[in-house]
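The values are calculated or read from the model by the stated rules, or taken from the named source; none is laboratory data. Bear in mind the structure is a predicted one, so any value in this text is a computation, not a measurement. As a convention, Cβ positions derive from the backbone with ideal geometry for all residues, glycine included, and neighbour counts pool all protein chains shown. Please note that ligands, DNA and RNA were not included when accessible areas were found on the heavy atoms of the full protein model with its side chains. Shrake-Rupley method; radii C 1.70, N 1.55, O 1.52, S 1.80 Å.
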Amino acid sequence: MFRSLRVRLALSHAFVMLVILTILGGLVLLLLARNLDRGATDQLAAEAGAQVERIQEGGAFAPTIDVDVPSASAVQVAVYRPGEQLPVAEPKETPSWLRPYPDRIADLEIAGEKVRVLTLPAVIDGKTVAWVSAGRSLEPEEALIRRVRSLFLWGSVAALAATLLAGWWWAGRAVRPVEKSYEAQAGFAADASHELRTPLAFIRAGVETLTQHDPSLGADVLSEVDYLTGLSQRLLQLARADRGQLQLDRTPIDLAATCRSAVHRSSVAHGNHLSSHGADPLIVPADRIALEAVLDAVLENVARHGGGEADIHWDLDGAHEAVVTIEDHGPGMPTEAHHRAFERFFRADPSRTRDTGGAGLGLALARALVEAQRGRMWLEATPGGGVTASIALPLS
């Protein structure tokens, strides 16, 4: 239980860190991409604008072309006269992609690389005398973004690993005091149960002798001894369940026969009026002794709180579970008490004594025995009044 709690704490810590890193990394990459994109456009605008100024001031139309491959980071400039398809000066050295485009900024893909071309008009006396195209590859910006993205990815993996380790360590420190307290509680119940066995056996032997002289007093004392013996046995079983030591062997049993046997015992021991029905036979993997103890605990509650009448039904619920329901029509209990009914020493009516309300351990032990068989147990309101206890056992 505490190990799973520690795992959940560590994972929640790592999840928060993952969200933070994702948001931070996304914002950094977005801002970096925008700044690099704006910088590339500004560089092209500056080179094209300088050539336009030279033309407008009466300078030469022909620009200087340094390279002719789109992967170069240098800006390439070409000048086209209106209506002409070839650039001014050295058209053979001008790349085919470097030409005027209808849009001011055109993004292309040349030989698998992104290229940007910016086109500006050179206007003299209100007349366009030339079109200036400036372009260059965006590969340097793309490479930088890939490096930063890779850095964030691997950095995030390292940060998450460190966060998991730190979260595991801190969760262990936080859970340790609670775990020690829980172990001390379970240990006390186990030790107390063991210590009570011998004196209870001795007291019973002595009281049996006393009964020969004072039968009424002996019967009362024997009743108290039997109550304490049962209480100590239930505490011991609950302590084993808390420590994960409650091991049950699941073998194929007839659920119908087990339910009918429990109905018969309850009718004889408590005088309950019970009706039972369901699939016959119904073979399920379970621990027969433990399941009988569960049914006995629930039917004992029917005798104490359910008016002594109930309907027991068993059947398959889909292809994965067999479910037993014990439906009584007694006074019932508040809906909010359905979950608390499985707490130890809980009584829905605090005014009840142990003679009328029991010790409050029956349902707690019953659920522990069901969960030790990988099953589930829960309570819900019976339509029309009362409480329905449901026991689900897996078929595999």
Expected output for the stretch 264-277 (first residue modelled with pLDDT under 85, partner loosely packed, with under 15 Cβ neighbours inside 10 Å and not in a strand (DSSP E or B), Cβ below 7 Å, 6+ apart or cross-chain) is none
Restricted to the stretch 61-83 and to residues being at pLDDT 85 or above and assigned to a loop (DSSP other than H, G, I, E, B), the residue most open to solvent (accessible area, probe 1.4 Å) is ARG81
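From the list ALA359, ALA337, ALA322, exactly one residue is modelled with pLDDT of 75 or more and either among the aliphatic types (A, V, I, L, M) or open to solvent by 40 Å² or more (accessible area, probe 1.4 Å) (or both). Which is it? Lay out the reasoning, then the answer.
Details: ALA359 fails: modelled with pLDDT of 75 or more; ALA337 fails: modelled with pLDDT of 75 or more.
On inspection, the qualifying residue turns out to be ALA322.
Can you find even one residue in the stretch 282-302 that is outside any helix (DSSP H, G or I), under 35 Å from the mean Cα position of the chain (by Cα) and without any contact (Cβ under 8 Å) to a residue 40 or more places away in the chain?
Of all residues in the stretch 282-302, those outside any helix (DSSP H, G or I) come to 282-287.
From what's left, under 35 Å from the mean Cα position of the chain (by Cα): 282-287.
Checking the rest, the ones that are also without any contact (Cβ under 8 Å) to a residue 40 or more places away in the chain come to 283.
Among the residues of the stretch 282-302, at least one is outside any helix (DSSP H, G or I), under 35 Å from the mean Cα position of the chain (by Cα) and without any contact (Cβ under 8 Å) to a residue 40 or more places away in the chain, which makes the answer yes.
Hey, among ALA50, ALA89, ALA111, which residue is of a type outside the set (S, T, N, Q), at pLDDT below 90 and open to solvent by 60 Å² or more (accessible area, probe 1.4 Å)?
Numbers: ALA50 fails: open to solvent by 60 Å² or more (accessible area, probe 1.4 Å); ALA89 fails: open to solvent by 60 Å² or more (accessible area, probe 1.4 Å).
That would be ALA111, the only listed residue that is of a type outside the set (S, T, N, Q), at pLDDT below 90 and open to solvent by 60 Å² or more (accessible area, probe 1.4 Å).
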With the first residue restricted to the stretch 86-114 and required to be without any contact (Cβ under 8 Å) to a residue 60 or more places away in the chain, and the second required to be outside any loop (DSSP other than H, G, I, E, B) and basic (Lys, Arg), Cβ contacts under 8 Å at 6 or more apart or on different chains are ALA106/ARG116; ASP107/LYS114; ASP107/ARG116; LEU108/LYS114; LEU108/ARG116
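Each row is one residue, and each column tells you yes or no for (1) aliphatic (A, V, I, L, M); (2) surrounded by 12 or more Cβ atoms within 10 Å (Cβ to Cβ); (3) more than 27 Å from SER96 (Cα to Cα).
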site: VAL115; (1), (2), (3): yes, yes, no
site: LEU118; (1), (2), (3): yes, yes, no
site: VAL123; (1), (2), (3): yes, yes, no
site: VAL132; (1), (2), (3): yes, yes, no
site: ARG136; (1), (2), (3): no, yes, no
site: GLU139; (1), (2), (3): no, yes, no
site: ALA143; (1), (2), (3): yes, no, no
site: ARG146; (1), (2), (3): no, no, yes
site: TRP154; (1), (2), (3): no, no, yes
